[in-house]
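Here is the structure we will look at.
The values are calculated or read from the model by the stated rules, or taken from the named source; none is laboratory data. For clarity, every value in this text was computed on a predicted model and none was experimentally measured. Neighbour counts run over all protein chains shown; Cβ positions are idealised from the backbone, glycine included.
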Amino acid sequence: MAQRPTGVKKTDESARAIRFRQKHLLAIADLDRFEAENLLDRAEKFAPLLDERVKKLDTLRGRTLINLFFENSTRTQSSFELAGKRMGADVVNMSVKSSSVAKGETLIDTAATLNAMRPDLLVVRHGSSGAAELLSRKVDCAVINAGDGKHEHPTQALLDAFTIRSRLGGVEGLIIAICGDVLHSRVARSNVALLTLLGAQVRLIGPPTLMPAGAEKWGAKVFHDMRAGLKDADVVMMLRVQRERMTGGFFPSAREYFWFYGLDEEKLRHAKPGALVMHPGPMNRGVEIDSTVADNASVSLIETQVRMGVAVRMAVLEALAESGANEERS
Amino acid sequence: MAQRPTGVKKTDESARAIRFRQKHLLAIADLDRFEAENLLDRAEKFAPLLDERVKKLDTLRGRTLINLFFENSTRTQSSFELAGKRMGADVVNMSVKSSSVAKGETLIDTAATLNAMRPDLLVVRHGSSGAAELLSRKVDCAVINAGDGKHEHPTQALLDAFTIRSRLGGVEGLIIAICGDVLHSRVARSNVALLTLLGAQVRLIGPPTLMPAGAEKWGAKVFHDMRAGLKDADVVMMLRVQRERMTGGFFPSAREYFWFYGLDEEKLRHAKPGALVMHPGPMNRGVEIDSTVADNASVSLIETQVRMGVAVRMAVLEALAESGANEERS
Amino acid sequence: MAQRPTGVKKTDESARAIRFRQKHLLAIADLDRFEAENLLDRAEKFAPLLDERVKKLDTLRGRTLINLFFENSTRTQSSFELAGKRMGADVVNMSVKSSSVAKGETLIDTAATLNAMRPDLLVVRHGSSGAAELLSRKVDCAVINAGDGKHEHPTQALLDAFTIRSRLGGVEGLIIAICGDVLHSRVARSNVALLTLLGAQVRLIGPPTLMPAGAEKWGAKVFHDMRAGLKDADVVMMLRVQRERMTGGFFPSAREYFWFYGLDEEKLRHAKPGALVMHPGPMNRGVEIDSTVADNASVSLIETQVRMGVAVRMAVLEALAESGANEERS
């Protein structure tokens, strides 16, 4: 990756004017700090628009965004649909049952078919790690990974970072604790990558059975005791526990999980006073998070995350549509 | 509710120019006569547009309507989708399986999530009475109840009243018989409220097992004998019988139901000569209505109801978007 | 059908300017050669647009297209959705489970309901032969058959002919072999009708159990030996084998089917050198077609078919919207 001037401040207009170099957004791991901040700067431009009466731009008029979801996710799909429509694009939703795409080969045929329909932007969610990257090699358009197996969910990390930056002014130097089922979480992977890239100190908290081997090598500190891990944290980011894990031998019961790793007011007191709480949603109340924390408007950023998600996705669509890498082909 | 001049005629331009005061449309019970007629007057403006070649307005351009359906209803969902698109809005459909929202708490989280996406109009159908009202307390945007449990379905009542008014010039003084499974019917509840508000005499006809206790207090006369109930009726409004009721002990069989409460030509002869027939659809032919009646174009208004449904929903979207109550927040 | 000058060349501007006379597109069998070529000429106008950055036209702005699918088909539905949106129409998707429409009568009620919503164009796919035609008699708008049972799938045939014409300059005089499960294939029926109308020599290849009685009367030659049928063919069009046929006694196993009727490089060598390969998709690789053929870009037109599908559907939407038969009613 080429060296870029990292001293560019986010208020610098020239940073916004610079083209995004990536053709796709597949993983935070593909971005350098300059590119990541470029996306957050673009989001800053769109965030105020969300509260306007008329939210529609013509930036992507006549362009087509295909929302290809192999896993259900009303929340993420709607966020991309809204972002696309607000940018003026035509949005086509395709929900494909995974049963009908059991074989890997079919994914490639699906890619070829979609490519032939000449979309400009393809948002894909798939249960297999690497699916978005595989698709990206078979199509001409820009591909956005909206979650692939246990690998990455880059727009979630971008919206999380943007939410933190909007509230605290920046990410650099913050202590951010990510807590829960790290093992199965693409949200955790993308967030560790982005937050460390932006200069935060990241901690991972969770039971040994839900912590990937070698998590320390991601550049984060690992804790199995939640109170120790929360000490001095500026931000506590809770992960969703998949209900199917509860009977998978990963931990004895939802009740026991909550006892050790559920965020309640008592545990939150171990973090820095005024520490903020985040969750990618949808929440399992009483499992990984207590309602007294989730609904406390002075600490919870959970709704802000959803709102910022639309702005961040608008930013990503704009950046990829403008990207030199995508313009060359047309 | 403040007193309003009720002498305003529907042709009075000033009536149309007046802003709708309600923030939401949750129940007919929330409306006064002036507000109800304001909505019908607006619909009159949109009805001719449906037969135009180009049906698109820019009234809601850049605004977002979310169609949130917890129960399947292709008919109602499409009607709102068309109304929204014809008014120029961006429409996002969200079909949520009730299985994934078993707990009441999740509805509030869904509301918070949607609210954070900053829609302008939220149309909601849900299997539980009161769900739309609950949502409306948690979001900033205008909420339209598209059917909540056994409670209300206000746009259905408005389109029924608008259909009658378009055909017969008005509702005041008419005898309107609503017949069938009143107990489980939100359509009946909304219609009794609206038609009595507009000055009609409403009758409820059905077997005792399908008539709610205290139905007389709604301001309608109750009949268990269909022929007696139909006597002198100007309009006969049939209700859909849910097939699951047929095995629920409410009545012995579909055949027996039809014998006593199914509308056929013989029973219709007990109503006023030229009486009109309505049904909210979809029909169970041979159960609550006979095809000789349903398909008789000189008495059946069933297709007109569907057409008027789009005009009435355009009117409701316009009224709520213009509403002072909604403008204040933006 | 009135006689038309058949000597009009496809480059003749006057041909394009002529109005399409049909009100609906239900079956290739309803078209004369002049009308078929008119549609292909229109598609030629739209094909280059697909590679443009901005693909949106205003031709159908303010018009409504309803995509009514009683059978799942992500591919065909998306193609029509894209075509409609690129022409500027509002597109409403309705996916109806066949379970809820078991009775034929319901189809007519659905038609009446849709008609009352005043769409301009209704695209319908249904599992029963004749469903599109039945619908067309009950609605005022233009109906496009997107596949009805074993009957016809006219836009598939049009996109196939257009793909051949784009690659080989024309269809007249070509030898085109259609191979596989002809018995159950609406694609085969529509293609035989269109390709013979356009002057090609059509052959049908398949096992006797999958060949309809009297197929010779369609104007095609019938072969049960694939190598004999492929001799001198310019184009080989493979049909999809429905997996449910494999256990239905039509043939012993997928492996045996591939042995006799699966297209691989060896069998393809029996066709004319440079013969082109087509498939309507989605493919069953290793059943009716081998990957070495499907993925050979120098002979396979499979992705081109998908791309041309959007252009052909834009052409059909334009032709029907402009049709004198449809203009009269508005």
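Residues in the range A:68-86 that are closer than 21 Å to A:Thr304 by Cβ and assigned to a helix (DSSP H, G or I): 11 in all. Among the residues of the range C:280-293, those that are of a type outside the set (Ser, Thr, Tyr) and either surrounded by fewer than 24 Cβ atoms within 10 Å (Cβ to Cβ) or within 18 Å of B:Arg53 (Cα to Cα) (or both) comprise C:Gly281, C:Pro282, C:Met283, C:Asn284, C:Arg285, C:Gly286, C:Val287, C:Glu288, C:Asp290, C:Val293. Residues in the range A:192-200 include none that are within 20 Å of A:Phe251 (Cβ to Cβ) and either surrounded by fewer than 20 Cβ atoms within 10 Å (Cβ to Cβ) or touching a Leu at 6+ places or on another chain (Cβ under 7 Å) (or both). Taking the range C:87-201 as the region of interest, the strands (runs of 3 or more DSSP E) fully inside it that hold 2 or more residues being more than 25 Å from C:Leu301 (Cα to Cα) are C:90-95, C:121-126, C:142-148. In the range B:132-152, of all residues being in contact with a Gly (Cβ under 9 Å, 6 or more places away or on another chain) and surrounded by fewer than 24 Cβ atoms within 10 Å (Cβ to Cβ), the one that is nearest to A:Glu52 (Cα to Cα) corresponds to B:Leu134.
Does C:Ala233 satisfy being more than 20 Å from C:Arg203 (Cβ to Cβ), assigned to a loop (DSSP other than H, G, I, E, B) and assigned by the TED database to the domain that holds C:Pro207? In short, no. Against the condition crowded, with 24+ Cβ neighbours inside 10 Å, farther than 27 Å from B:Leu183 by Cα and acidic (Asp, Glu), how does B:Asp90 come out, does it pass? Judged against the criteria, B:Asp90 is a match.
Just a yes or no: is a residue in the range C:206-220 at pLDDT 95 or above, in contact with a Gly (Cβ under 6 Å, 6 or more places away or on another chain) and either surrounded by 19 or more Cβ atoms within 10 Å (Cβ to Cβ) or part of a loop (DSSP other than H, G, I, E, B) (or both)? Yes, the range C:206-220 contains at least one residue that is at pLDDT 95 or above, in contact with a Gly (Cβ under 6 Å, 6 or more places away or on another chain) and either surrounded by 19 or more Cβ atoms within 10 Å (Cβ to Cβ) or part of a loop (DSSP other than H, G, I, E, B) (or both). Condition check: part of a strand (DSSP E or B) and modelled with pLDDT of 95 or more. Does B:Leu65 satisfy that? For B:Leu65, the condition - part of a strand (DSSP E or B) and modelled with pLDDT of 95 or more - is met.
Out of the residues in the range A:31-56 meeting the condition of being assigned to a loop (DSSP other than H, G, I, E, B) and at pLDDT 95 or above, tell me which one is surrounded by the most Cβ atoms within 10 Å (Cβ to Cβ).
Step by step, filter the range A:31-56, then rank; the result is A:Leu31.
Per the listing A:Phe260, A:Phe250, the residue uniquely of a type outside the set (Lys, Arg) and touching a Ser or Thr at 6+ places or on another chain (Cβ under 6 Å) is A:Phe250.
For C:Gly130, the conditions (1) touching a residue at least 24 places away in the same chain (Cβ under 8 Å); (2) in the same structural domain as C:Thr106 (by the TED database) all hold with the exception of (1).
The residue of the range B:294-311 that is surrounded by the fewest Cβ atoms within 10 Å (Cβ to Cβ), among those that are among the polar types (S, T, N, Q) and either out of contact with any strand residue (DSSP E or B) (no Cβ under 6 Å at 6 or more places or on another chain) or part of a helix (DSSP H, G or I) (or both), is B:Ser298. Please go through the range C:153-173 and give me each residue that is touching a strand residue (DSSP E or B) at 6+ places or on another chain (Cβ under 7 Å) and surrounded by fewer than 21 Cβ atoms within 10 Å (Cβ to Cβ), ordered by number. C:Arg167, the sole residue that qualifies.
Report, by residue number, each residue of the range A:274-330 that is in contact (Cβ under 8 Å) with a residue 60 or more places away in the chain, among the hydrophobic types (A, V, I, L, M, F, W, C) and more than 14 Å from chain B (Cβ to nearest Cβ).
A:Leu276, A:Ala315, A:Val316, A:Leu317, A:Ala319, A:Leu320, A:Ala321, A:Ala325
Scanning the range B:261-273 for residues that are surrounded by 15 or more Cβ atoms within 10 Å (Cβ to Cβ) and not in a loop (DSSP other than H, G, I, E, B) yields B:Tyr261, B:Leu263, B:Lys267, B:Leu268.
Do we have C:Ala294 as modelled with pLDDT of 95 or more, assigned by the TED database to the domain that holds C:Leu204 and closer than 28 Å to A:Val92 by Cα here? Considered against the rule, which asks whether it is modelled with pLDDT of 95 or more, assigned by the TED database to the domain that holds C:Leu204 and closer than 28 Å to A:Val92 by Cα, C:Ala294 comes out as yes. In the set (1) surrounded by 24 or more Cβ atoms within 10 Å (Cβ to Cβ); (2) hydrophobic (A, V, I, L, M, F, W, C); (3) over 21 Å from the mean Cα position of the chain (by Cα), the condition left unmet by C:Leu82 is number (3). Might you let me know whether the range A:183-197 holds any residue that is under 22 Å from A:Asn326 (Cβ atoms), at pLDDT 95 or above and in contact with a Phe, Trp or Tyr (Cβ under 8 Å, 6 or more places away or on another chain)? No, the range A:183-197 contains no residue that is under 22 Å from A:Asn326 (Cβ atoms), at pLDDT 95 or above and in contact with a Phe, Trp or Tyr (Cβ under 8 Å, 6 or more places away or on another chain). Kindly evaluate C:Glu44 against the criterion of being out of contact with any helix residue (DSSP H, G or I) (no Cβ under 9 Å at 6 or more places or on another chain) and either of a type in the set (Gly, Ala, Ser) or outside the structural domain of C:Leu159 (by the TED database) (or both). For C:Glu44, the condition - out of contact with any helix residue (DSSP H, G or I) (no Cβ under 9 Å at 6 or more places or on another chain) and either of a type in the set (Gly, Ala, Ser) or outside the structural domain of C:Leu159 (by the TED database) (or both) - is not met.
Residue pairs whose Cβ atoms lie under 6 Å apart, separated by 6 or more positions or on different chains, with the first residue in the range C:65-87 and under 16 Å from C:Val316 (Cβ atoms) and more than 7 Å from every other protein chain (Cβ to nearest Cβ) and the second outside any helix (DSSP H, G or I) and of a type in the set (Gly, Ala, Ser), are C:Leu65/C:Ala89; C:Thr76/C:Ala146. In the range A:71-106, the qualifying residues are those that are of a type in the set (A, V, I, L, M) and modelled with pLDDT under 85, and the one that is nearest to C:Pro282 (Cα to Cα) is A:Val101.
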